[in-house]
Amino acid sequence: MKKLLTLLIMCLCFFTGCKAQSKVDNSVSGDLNLDKYLGTWYEIARFDHKFERGIQFCKAQYSLREDGKVAVLNTGIKDGKPSEAKGKAKFTDNPRILRVSFFGPFYGDYRIMLLDENYQWVLVGGSDESYLWILARTPKISDEVKETILNEAMRRGYDVEKLIWVEQE
């Protein structure tokens, strides 16, 4: 009976999306003007992940696809050689949360948590505290902008000491 109960709980968690509570505030609010967001973004900083490990000079290019989704092209340099990853993003009910995929049917959250009113820099998170990116329209950001973004990330509970500052042009 105990094994059956355990199996039922595991199935319930699987089918209802049960997961551990996030330790950070990754909430989003506000609208998103997609036309202003599309284009090239430089990766200024990120949390370390296997899929981006060792990549420098990172850029993300967002463009609208014919099917209404967003094409994502990430480029950079790894071990002196060009690196490229193509993906796609689809919209959710919240304009500041997209679902991005680089690996077939597997999607992850792309949460626009803090966005400059002129769309010059952005703080992006994921579904939990494991993901954090700082992106900008230029390869460098001012100390003032950096401080604003880092303060917001810390206020939300992110460990900004884990950020990797990406080498750019």
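A short reminder: the numbers here are calculations on the coordinates, not readings from a lab. If you're wondering where the values come from, they're calculated on a predicted model, not measured in any experiment. Heads up, the Cβs are rebuilt from the backbone with ideal geometry, glycines too, and the neighbour counts pull from every protein chain shown.
Okay, here's what the table says:
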read-out: Between 0 and 90°, nearest 10: helix 143-155 axis offset from the chain longest Cα axis; value: 10 degrees
read-out: Surrounding net charge for VAL70, when Lys and Arg each add one and Asp and Glu each subtract one, Cβ distance under 9 Å; value: +4
read-out: The chain - percent relative contact order, Cα under 8 Å, separation 6 or more; value: 25 percent
read-out: Residue exposure sequence - ILE97, ILE134, ILE77 - by fewest surrounding Cβ within 10 Å; value: ILE77, ILE97, ILE134
read-out: Eligible lysines near LYS23 by straight Cα distance, threshold 20 Å, same-chain separation 8 or greater; value: LYS162
read-out: Surrounding net charge for GLY126, when Lys and Arg each add one and Asp and Glu each subtract one, Cβ distance under 10 Å; value: -2
read-out: Loop GluC sites (Glu not before Pro), the stretch 30-93, which have at most 14 other Cβ atoms in a 10 Å radius of their Cβ (DSSP); value: GLU66
read-out: Dipole magnitude of the stretch 26-165 about its Cα centre (Cβ charges: Lys, Arg +1; Asp, Glu -1), debye to nearest 20; value: 480 debye
read-out: Linear extension gain, GLU161 paired with ARG99, 0.36 nm per residue minus alpha-carbon span; value: 19.7 nm
read-out: Neighbour cut-off at most 13 other Cβ (10 Å), DSSP loop, trypsin sites (Lys or Arg not before Pro), the stretch 56-114; value: ARG65
read-out: Quotient of C-alpha Rg and 2.2 N^0.38 Å, computed over the chain; value: 1.13
read-out: Linear extension gain, PHE91 paired with ASP31, 0.36 nm per residue minus alpha-carbon span; value: 20.3 nm
read-out: MET113, MET154 arranged by Cβ crowding within 10 Å, fewest neighbours leading; value: MET154, MET113
read-out: Note, ³J(HN,Hα) from phi for the stretch 85-101, Karplus 6.51, -1.76, 1.60, rounded to Hz, x at Gly and Pro; value: 9, 9, x, 8, 10, 10, 8, 10, 5, 9, x, 9, 10, 10, 10, 10, 9
